[in-house]
1. Going through the range 316-368 one residue at a time, which ones are hydrophobic (A, V, I, L, M, F, W, C), modelled with pLDDT under 95 and open to solvent by 70 Å² or more (accessible area, probe 1.4 Å)?
2. In the range 115-159, what residues are in a loop (DSSP other than H, G, I, E, B) and either among the β-branched types (Val, Ile, Thr) or touching a Pro at 6+ places or on another chain (Cβ under 7 Å) (or both)?
3. With assigned by TED's automatic domain parsing to the domain that holds Leu94 and either in contact with a helix residue (DSSP H, G or I) (Cβ under 9 Å, 6 or more places away or on another chain) or within 13 Å of the ligand (Cβ to nearest atom) (or both) as the only criterion, which of Leu167, Leu185 stands out?
4. Go through the range 27-82 residue by residue and tally those that are of a type in the set (D, E, K, R), out of contact with any strand residue (DSSP E or B) (no Cβ under 6 Å at 6 or more places or on another chain) and either away from the ligand (no atom under 11 Å from the Cβ) or open to solvent by less than 50 Å² (accessible area, probe 1.4 Å) (or both).
5. Is it fair to say Ser211 is away from the ligand (no atom under 16 Å from the Cβ), small (Gly, Ala, Ser), out of contact with any helix residue (DSSP H, G or I) (no Cβ under 8 Å at 6 or more places or on another chain) and not assigned by TED's automatic domain parsing to the domain that holds Leu281?
6. Select, from Thr285, Thr304, the only residue that is open to solvent by 20 Å² or more (accessible area, probe 1.4 Å), within 12 Å of the ligand (Cβ to nearest atom) and among the polar types (S, T, N, Q).
7. With the requirement that a residue be assigned to a strand (DSSP E or B), under 18 Å from Leu101 (Cβ atoms) and of a type outside the set (D, E, K, R), what does the range 168-186 give you?
8. Criterion first (acidic (Asp, Glu), free of Cβ contacts under 8 Å to residues at least 40 places away in the same chain and closer than 21 Å to His183 by Cβ) does Asp62 satisfy it?
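The values are calculated or read from the model by the stated rules, or taken from the named source; none is laboratory data. Note that the coordinates shown come from a computational prediction; the quantities given were computed from them, not determined experimentally. Glycine also receives a Cβ, built like all others from the backbone with ideal geometry; neighbour counts cover every protein chain displayed. The protein model used for the area step is the full one, side chains on, heavy atoms only, and it has no ligands, DNA or RNA in it. Shrake-Rupley method; radii C 1.70, N 1.55, O 1.52, S 1.80 Å.
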Amino acid sequence: MNATGSTAPSGRLGVDERAENWRRLGEEEFDVLVIGGGVVGAGTALDAATRGLRVALVEARDLASGTSSRSSKLFHGGLRYLEQLEFGLVREALRERELMLTRIAPHLVKPVSFLYPLTHRVWERPYTATGLFLYDRMGGAKSVPGQQHLTRAGALRMVPALRRDKLVGGIRYFDAQADDARHTLTVARTAAQYGAVIRTSTQVVDFLHESDRVSGVRVRDVETGEETDVQAGVVVNCAGVWTDQVLQMSGSRGRFRVRASKGVHIVVPREKIVSDSGVILRTPTSVLFIIPWKGHWIIGTTDTDWHLDLAHPAATAKDIAYILDQVNSVLNTPLTTDDIEGVYAGLRPLLAGESEETSKLSREHAVARTAPG
Ligand SMILES: Cc1cc2nc3c(=O)[nH]c(=O)nc-3n(C[C@H](O)[C@H](O)[C@H](O)COP(=O)(O)OP(=O)(O)OC[C@H]3O[C@@H](n4cnc5c(N)ncnc54)[C@H](O)[C@@H]3O)c2cc1C
């Protein structure tokens, strides 16, 4: 029976469920224990719970308190990754985008328009159009409008804030966006509705072993300091940029290392940029988005290594100057630091690899089995 007196799980994650779930963590045995309440952990818990497995998810702080609330909030295939020829990644992401827009979460995920300003005559329009032709079709994408070609005058009518000398024409395409934290919360609550025991402010502090296999974890309620052992057949580490730390705690050796790459966004009021569309701009190493977000624009992002406190990534004056420089290079009326209403920074959990530049590291997910259990 759950805290509301019913036998069916409610999906509620309130105070009563909190006490009840602490008891259950200590008393029950789970098929799967998920570490981390970001979108990856919540998705893993939902997947396992809908297969009928007994699932628990523990999150050290709050759901989506890590990277999963600090993103660009796009459900996109990643036009940039298409240019890097990551066809598999883009196709999969676009298939998910289509499912999100049509079946899974049309109440959360909405289409969003972007103008791609063309800056070179002759070759750039056919080159970009070919990429967008693929982008508009890959993964069965069909519920957002296809690319629309614009003259310079047409592009400036759509985005009057742009400097006339900064484009020779434009192409409008569509992607999708959602409130990332709300999406993660919804996934976690849906998992709870399917019976998963979800508990926040509950940190994994050690691993339990039976001979050579992992048999569960020791968790601490970070509010009370109380600890309990949780028995689980399988423990899944979904700790994002904390993956290596958790792995170290388990005593097993990882197949890969995670490199934290910081991305910063600034938030400015909507009236500071006169535009009917978001904008995607090329930068020397990546792209910069101007994304409509309710009464605001979100502008970003950056891509640099971060070696300090993983729980508190912070923007530097240099990060903000970089974003302002990039965006101001195309705006009629430059933004100043006084226009900035908010700044947030998040850490991408990237697979450490060959490239020195974090912007070139793969955005693919990876799964490794580091120890039995
Ligand atoms: C700047 C930026 C922009 C991005 N833009 C986009 C975008 O537009 N679209 C997109 O799809 N993706 C985007 N991403 C990527 C996306 O945000 C991440 O891939 C995703 O949020 C990672 O989720 P996660 O669950 O792996 O990590 P997190 O959300 O960080 O979750 C990991 C969780 O593990 C918890 N944890 C750690 N240690 C423990 C422990 N010992 N016990 C219990 N819990 C623990 C942490 O508290 C944390 O909540 C962006 C990322 C960044 C940084």
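1. Across the range 316-368, the qualifying residue is only Val367.
2. Thr119, Val122, Val144, Val159
3. Result: Leu167 is the single residue among Leu167, Leu185 that is assigned by TED's automatic domain parsing to the domain that holds Leu94 and either in contact with a helix residue (DSSP H, G or I) (Cβ under 9 Å, 6 or more places away or on another chain) or within 13 Å of the ligand (Cβ to nearest atom) (or both).
4. Residues in the range 27-82 being of a type in the set (D, E, K, R), out of contact with any strand residue (DSSP E or B) (no Cβ under 6 Å at 6 or more places or on another chain) and either away from the ligand (no atom under 11 Å from the Cβ) or open to solvent by less than 50 Å² (accessible area, probe 1.4 Å) (or both): 5 in total.
5. yes
6. Working: Thr285 fails: within 12 Å of the ligand (Cβ to nearest atom).
From the options Thr285, Thr304, the qualifying one is Thr304.
7. Tyr173, Phe174, Ala176, Gln177
8. no
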